[in-house]
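Presented below is the structure to which this report refers.
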Amino acid sequence: MKIPIFLTPLLLCLFISLVQGQTSKCDIQDHGSTLKVFHIFSQCSPFKPSKPMSWEESVLQLQAKDQARMQYLTSLVARKSVVPIASARQIIQSPTYIVKGKIGTPPQTLLLALDTSNDVAWIPCTGCVGCSTSKPFAPIKSTSFKNVRCGSSQCKQVPNPSCGGSACAFNFTYGSSSVAASVVQDTLTLATDPIPSYTFGCVQKQTGPSAPQQGLLGLGRGPLSLLSQTQNLYKSTFSYCLPSFKSSNFSGSLRLGPVAQPKRIKYTPLLRNPRRSSLYYVNLVAIKVGRKIVDIPPAALAFNPTTGAGTIFDSGTVFTRLVEPVYTAVRNEFRRRVGPKLVVTTLGGFDTCYNVPIVVPNITFMFSGMNVTLPQDNILIHSTAGSTTCLAMAAAPDNVNSVLNVIANLQQQNHRVLFDVPNSRLGVAREICT
């Protein structure tokens with residue numbers, strides 16, 4: 001169709017405004033104590049795939065990262081809690097959700113992965129051997145940068161500290177990767193809140209296949225976490241709303257501090273595991289599929305600080321993982337409700353997929369004092385063409401001695417999840433944040 005010449009300038013202006021709209025959306029500044037949260041597949045993320053992936057490829061890639069993260073989380077609960085800087089580098093090399101932070105004076109903008117199961121922030125620094133980031137933090141450009149001295153309390157809180165001269169450093173091994181970093185301090189700015197003398201790991205060297213591309217912001221409860229270092233400012237309280245990766249906007253929010261948190265929200269108590277005090281354990285007492293509470297052995301849901309068993313909320317795992325007897329009970333009832341005569345197929349680690357339209361039963365997680373009924377988008381994953389639908393949960397991997405049930409970020413999407421540590425409670429409320 002030939003476009004009339006008098007419409008051409010109008011269409012050109014419309015095109016430019018659309019492009020500028022997308023650009024300006026990515027460049028909008030954070031305000032107050034609220035930060036925008038982006039999914040890695042967002043148009044605003046430099047970590048989006050360089051070439052389009054098929055639906056199957058993207059699902060299988062996320063599954064593989066979940067497998068590694070489950071191994072990592074299982075290793076945490078099995079030993080006494082010593083929180084390493086960069087402990088999640090193998091998993092967080094492709095983070096699920098990221099925020100923008102600023103480090104130094106004058107500030108340098110960096111991307112930080114959100115991780116509720118880690119404590120200490122770490123950032124690749126200039127001169128890092130093996131780091132793949134194109135924009136490392138440059139300490140030499142910051143007038144507020146300083147090294148943490150040996151013998152300081154911060155130096156004692158990292159694993160295997162060593163002293164080259166008077167500065168604190170450490171080496172840490174995770175799987176087939178290793179990291180060498182300095183323990184340093186500088187001003188961290190989140191939204192419009194400057195946090196002077198924030199302690200983090202300045203990564204100097206990495207080896208192995210797990211080199212991360214960006215930094216990490218630990219939202220756990222350990223001594224060097226964001227919550228611990230900003231108690232006076234944020235009162236150990238934060239919430240997030242994670243956007244769906246299916247949305248073209250991809251922008252959720254991270255709210256720091258008790259101000260502007262939702263008033264009408266249901267809570268469940270937070271439980272503390274002394275072996276891994278930073279993980280956010282809750283008491284999952286039952287799961288309902290449709291109107292039926294499925295038959296689950298009580299021990300499969302029980303909280304046990306000695307073994308690390310129980311249920312946690314985690315921002316870094318994509319698909320909810322349930323220990324085998326729990327998952328089997330949920331899956332079997334889901335299949336029965338959908339229709340026992342329908343052909344069930346598989347996709348990677350998902351064992352309950354259908355190639356025909358289905359009627360989906362509700363799934364409700366029943367916590368102490370709080371029920372969370374998941375909408376369909378938090379239960380299923382669909383192929384782009386809509387021809388395949390899978391139950392977006394799985395059993396914990398067979399090759400790890402997993403005792404953890406993990407409520408993962410796909411099941412948390414489009415909910416406001418509030419972590420109220422002073423009152424030892426976690427709240428969940430439905431919120432369309434995409």
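The values are calculated or read from the model by the stated rules, or taken from the named source; none is laboratory data. Because the structure is a prediction, the values reported are computed rather than measured. Cβ atoms come from the backbone with ideal geometry, glycine included; neighbour counts cover every protein chain shown. Please note that ligands, DNA and RNA were not included when accessible areas were found on the heavy atoms of the full protein model with its side chains. Shrake-Rupley method; radii C 1.70, N 1.55, O 1.52, S 1.80 Å.
With 25 Å as the limit, the listed pairs Lys36/Lys288; Lys102/Lys235; Lys146/Lys205; Lys102/Lys263; Lys100/Lys235 have Lys36/Lys288; Lys102/Lys263 beyond it between alpha carbons.
Other residues lying with their Cβ under 11 Å from the Cβ of Val372 contribute a combined charge of +3, Lys and Arg counting +1, Asp and Glu -1. Each of His31, His39, His382 has its accessible area taken with a 1.4 Å probe; listed largest first, they run His31, His382, His39. Packing, as the average of other Cβ atoms within 10 Å across residues, places the peptides 107-115, 357-365 in the order 107-115, 357-365, highest first.
Counting other Cβ atoms within 10 Å, which trypsin sites (Lys or Arg not before Pro) in the stretch 309-397 have at most 14 and lie in a DSSP loop?
Lys341
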